[in-house]
Structures are given as C-alpha cells and as structure tokens.
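Derivation of every value follows stated rules applied to the coordinates shown; laboratory data play no part. Treat the numbers as computed from the prediction; the structure is a model and nothing was measured. Positions of Cβ are backbone-derived with ideal geometry, glycine not excepted, and every protein chain shown enters the neighbour counts.
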Amino acid sequence: MNKRGQFYLAAAIVIVVVIIGFAAIQNYTKKQSSSQLYDVKDELGIEGGKVLDYGTYNLDSEEDKEQLLIDFTSNYSEYAGEERNLYFVFGNSEKIYVIKYEEIASGSISINIGGITSGLETYTSGGEIESYVPEGNEVIITIDGLDYEFELKRGENFYFIISQDIEGEQHVVIS
C-alpha cells in the first residue's frame, strides 16, 4: 500500500514541476522592447555629455563645436536603430541648435523660444541645422500637440527626445 502512495506523490511532484516550468518559460520569453528604449536614453545622456565636454575643453571655435555635435547626432541617429525619432536641442543662452531625425513620420513639429514659434524641417545625415537666438531660458518643442519643455542653463546644454512606436503604443523618453 505504501508503494502506491509514493507513486501518486511522485507523479504529483512531476506535474507541479512541469507546470511551474511552463510558467517560468512563458514569463521569461516576453519581449522587453521598452527597456531597450530606456537603455538608449541612458547611453545617449552619457555619450552626449562626454561629447559636449570634449567640444567645450578642446575646440576653440563655435563652428567646430557645432560641427562636432552635428556629426555626433547624425552618427547616433544611425546607431540608435530604425523605427525611432530623435530630436536634439543643444547650445547656450546666446544660440541654440535644433536638429531632428525621423524614421517614423509624425505630424506637426514646432519649437517655441521666448514666445516665438517656428516649424522644423526634417534632416538626414549631413543636412542643414536650424539655429535660434533664445529670448529667454525656456525652450518648448511641440510634437503632435504634446509640449516638451527644456530649461537653458548657464553654459552648454544638450537635450534630446526619443520616440518609438512599440506594439501600437507611442513611447517617449526625454533628457
């Protein structure tokens, strides 16, 4: 009689282990796409800061600093992957630059600096860049009716917006 009870106990343990195994595999194989977007945000924040520091300490002319940041944003837009829109704002209280790389077509995009609103053009690698003389210390970029505000601080500034459509949902990260 004891042998029969041990068999049922062993069979129950095997069934429970198989069910737990399927549940673990199911949870493990879920896509983690949105976490990749946050990794890109963290990486871009670090790399952008280092490029800005390099330009500030090693380059004398504003044109060289501007070209360094244009090259960096262009290269990074290619590195960041497809199906992402990247928007960069960099400069200081005297002059700021705005550049946009779009993989996914979006609606209206504009920039508001000190009450002056202007539309933005889409640029690809090696394209032109828009520059503005800020009236105040606030920059507002409007993308599809949503405002993203950045404060121009003393010294050099580097801000970005990354948007990506993941499984029908729009995910946006900003610096």
Ranking of Ser61, Ser175, Ser77, Ser93 by count of other Cβ atoms within 10 Å, fewest first: Ser61, Ser93, Ser175, Ser77
Dimensionless Rg ratio for segment 131-175, taking C-alpha atoms and the 2.2 N^0.38 Å reference: 1.38
Label Ile140 and Asn58 with points 7 Å out from Cα along Cα→Cβ: what is the distance between them in nm? 3.9 nm
Would you calculate the separation in nanometres between label points at Ala23 and Leu68, each defined as 7 Å from the Cα along the Cα-to-beta-carbon direction? 5.5 nm
